[in-house]
Amino acid sequence: MTPLQEQYETVRRRTESICAPLKTEDYVVQPVVDVSPPKWHMGHTTWFFETFILLPNDEGYTAFDPQYNYVFNSYYESVGARVIRTNRGNLSRPAVEDIMRYRRYVDEAMSMFLEKHPLTPELQALFILGLNHEEQHQELLYTDIKYILGHNPLFPPYDITRKDILPVNNHGDSWLTMKADIYEIGFSGDGFCFDNELGRHKVYLGDYSISHQLVTNAEYLAFIDAGGYQDFRYWHAEGWDWVKNNQVTTPMYWYQIEGRWMHYNWQGLQPLMPEAPVTHISFYEAAAFAAWKGCRLPTEFEWEAAAPHLSFGLRWEWCNSAYLPYPGFVQAPGAIGEYNGKFMVNQMVLRGSSEVTSPNHSRITYRNFFHPPLRWQFTGIRLAR
């Protein structure tokens, strides 16, 4: 087996292992527009390799089902028509067993292709992008599965053997002080990165401090008890409208039952762990909490400059930076150019990674991004001042 085949099989096996605890019925549910059915993720990640690797480059390859391009295309306008995102949950067909057959069909074709065809640098870059694309969907699988099960009235566990990961606190409540200076931001060197990380450039940052630790459930509960969700002074106007219109009073998955705080996690409905870093909060909530504490959220540049001195990896950390292109950003031609550039509007940056980020898929320069009200991802708070 070649190294590329081994890489491919490792990533593909991990996707299926994430879905292994599910019942067949769990694969087809789409409770809200932001959550895709697990079977759609399984098909879409397979479609990527079929559409961008096999069909254009393997003369002997025949598409598994020509209709699957319509079903599993996500947002690539240049690849053709597609099922509207809100309708993914209406796809009772193809069945889960059909999608598993599709995965096996494409996997066998990819294995033979990688064995027989030396990849050009351009094709190898596309192949590596496909692996990273699937790793992104592995994280989405975790977050979407949690939303599906966590909004089931029975609160079924995903995996009773899986424990929440708690931070190691080696710094107490201390702050890291960063001196005013010119810092370099963006990816450099060898290895893979997404195009939105490119364009390494210098930024000037004034003196600032950033917390060594993420905000915990206990700290966030103090914000709730102090009436944080009822006091407009801490909220952006848009965030305050969001709170009122959606009657938001807690992070997602929090419940107060008979005077006791509970939350939904991988084991089902469980007592809230005070020492765990708060998660599943929107940008609005993160900014409001920071204002209540007399602090603020770091910009993504402050975060990246300080990151080598911090521990991260449990939560995607909201930054007070709009998701915008770096200087010199150039959108690639064709479908691959639709990967990041088209989303650079009305979204906020998150940095770090989370407990469900795939192994070796995080970097200090990695730029995640979501709309301010979204909170089904493993999002958290690191304060700055």
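The values are calculated or read from the model by the stated rules, or taken from the named source; none is laboratory data. Not measured: the values here are computed from a predicted model. Because the Cβ atoms are built from the backbone with ideal geometry, glycine has one as well, and the counts that use them run over all protein chains shown. What goes into the accessible areas is simple: the full protein's heavy atoms, side chains included, and nothing from ligands, DNA or RNA. Shrake-Rupley method; radii C 1.70, N 1.55, O 1.52, S 1.80 Å.
Answer with yes or no whether Glu50 is among the acidic types (Asp, Glu), farther than 24 Å from Tyr339 by Cβ and either touching a strand residue (DSSP E or B) at 6+ places or on another chain (Cβ under 9 Å) or modelled with pLDDT of 95 or more (or both). Outline the logic, then answer.
Values: among the acidic types (Asp, Glu): yes; farther than 24 Å from Tyr339 by Cβ: no; either touching a strand residue (DSSP E or B) at 6+ places or on another chain (Cβ under 9 Å) or modelled with pLDDT of 95 or more (or both): yes.
So Glu50 fails the test.
Of everything in region 66-83, what is within 29 Å of the chain's Cα centre (by Cα) and assigned to a loop (DSSP other than H, G, I, E, B)? Give them in sequence order.
The initial filter retains those residues of region 66-83 that are within 29 Å of the chain's Cα centre (by Cα), namely 67-83.
Correct list: Gln67, Asn73, Ser74, Tyr75, Tyr76, Gly80, Ala81, Arg82, Val83.
Taken over region 254-271, the criterion of being within 23 Å of Pro373 (Cβ to Cβ), open to solvent by less than 30 Å² (accessible area, probe 1.4 Å) and not hydroxyl-bearing (Ser, Thr, Tyr) is satisfied by Trp254, His263, Asn265. Across region 18-38, the qualifying residues are those that are under 18 Å from the mean Cα position of the chain (by Cα) and in a helix (DSSP H, G or I), and the one among them that is surrounded by the fewest Cβ atoms within 10 Å (Cβ to Cβ) is Cys19.
Whenever a residue of region 183-205 is under 9 Å from Thr365 (Cβ atoms) and modelled with pLDDT of 95 or more, its partners that are of a type in the set (D, E, K, R) and in a helix (DSSP H, G or I), lying with C-beta atoms within less than 7 angstrom and at least six residues away or across chains, give the pairs Ile185/Glu304; Gly186/Glu197; Phe187/Glu197. Per this entry, Gly239 is counted among residues that are in contact with an Asp or Glu (Cβ under 8 Å, 6 or more places away or on another chain) and modelled with pLDDT of 95 or more. For Asn132, all conditions in the list (1) in contact with a helix residue (DSSP H, G or I) (Cβ under 6 Å, 6 or more places away or on another chain); (2) modelled with pLDDT of 95 or more hold save one; what is the number of the exception? Only one criterion in (1) in contact with a helix residue (DSSP H, G or I) (Cβ under 6 Å, 6 or more places away or on another chain); (2) modelled with pLDDT of 95 or more is unmet by Asn132, namely (1). Applying the selection to region 288-301, what residues are open to solvent by 20 Å² or more (accessible area, probe 1.4 Å) and of a type outside the set (Lys, Arg)? Result: Ala291, Trp292, Gly294, Cys295, Thr299, Phe301. The residues on offer are Leu154, Leu140, and the sole one that is in contact (Cβ under 8 Å) with a residue 40 or more places away in the chain and either assigned to a helix (DSSP H, G or I) or of a type in the set (A, V, I, L, M) (or both) is Leu140. Counting only strands (runs of 3 or more DSSP E) wholly contained in region 160-253, the ones carrying 2 or more residues that are open to solvent by less than 30 Å² (accessible area, probe 1.4 Å) and touching a Lys or Arg at 6+ places or on another chain (Cβ under 8 Å) occupy 208-211. I'm told Glu50 meets every condition in (1) of a type in the set (D, E, K, R); (2) farther than 22 Å from Ile145 by Cβ; (3) open to solvent by 30 Å² or more (accessible area, probe 1.4 Å) except one. Can you identify the failing condition by its number? Among (1) of a type in the set (D, E, K, R); (2) farther than 22 Å from Ile145 by Cβ; (3) open to solvent by 30 Å² or more (accessible area, probe 1.4 Å), the lone unmet condition for Glu50 is (3).
Mind counting the residues in region 88-117 that are assigned to a loop (DSSP other than H, G, I, E, B) and either open to solvent by 20 Å² or more (accessible area, probe 1.4 Å) or over 14 Å from Phe64 (Cβ atoms) (or both)? So that I can check it myself, show each step before the final result.
Going residue by residue through region 88-117, those that are assigned to a loop (DSSP other than H, G, I, E, B) are 91-95, 117.
Narrowing further to those that are either open to solvent by 20 Å² or more (accessible area, probe 1.4 Å) or over 14 Å from Phe64 (Cβ atoms) (or both): 91-93, 95, 117.
Matching residues across region 88-117 total 5.
Scanning region 357-371 for residues that are touching a helix residue (DSSP H, G or I) at 6+ places or on another chain (Cβ under 6 Å) and either surrounded by 19 or more Cβ atoms within 10 Å (Cβ to Cβ) or not hydrophobic (A, V, I, L, M, F, W, C) (or both) gives Thr357, Ser358, His361, Thr365, Arg367. Test each condition in (1) open to solvent by 20 Å² or more (accessible area, probe 1.4 Å); (2) in contact (Cβ under 8 Å) with a residue 40 or more places away in the chain for Gly80 and report the one that comes out false. Only one criterion is unmet by Gly80, namely (2). One residue alone among Glu285, Glu302 is more than 21 Å from Val203 (Cβ to Cβ) and either in contact with a helix residue (DSSP H, G or I) (Cβ under 7 Å, 6 or more places away or on another chain) or in a helix (DSSP H, G or I) (or both), and that residue is Glu285. In this structure, does Leu314 turn out to be open to solvent by 10 Å² or more (accessible area, probe 1.4 Å), assigned to a loop (DSSP other than H, G, I, E, B), at pLDDT 95 or above and of a type in the set (A, V, I, L, M)? No, not satisfied. Mind checking whether some residue in region 105-114 is touching a residue at least 12 places away in the same chain (Cβ under 8 Å) and under 24 Å from Lys146 (Cα atoms)? No, the conditions are met nowhere in region 105-114. Among the conditions (1) at pLDDT 95 or above; (2) over 24 Å from the mean Cα position of the chain (by Cα); (3) assigned to a helix (DSSP H, G or I), Thr62 misses just one, which is (3).
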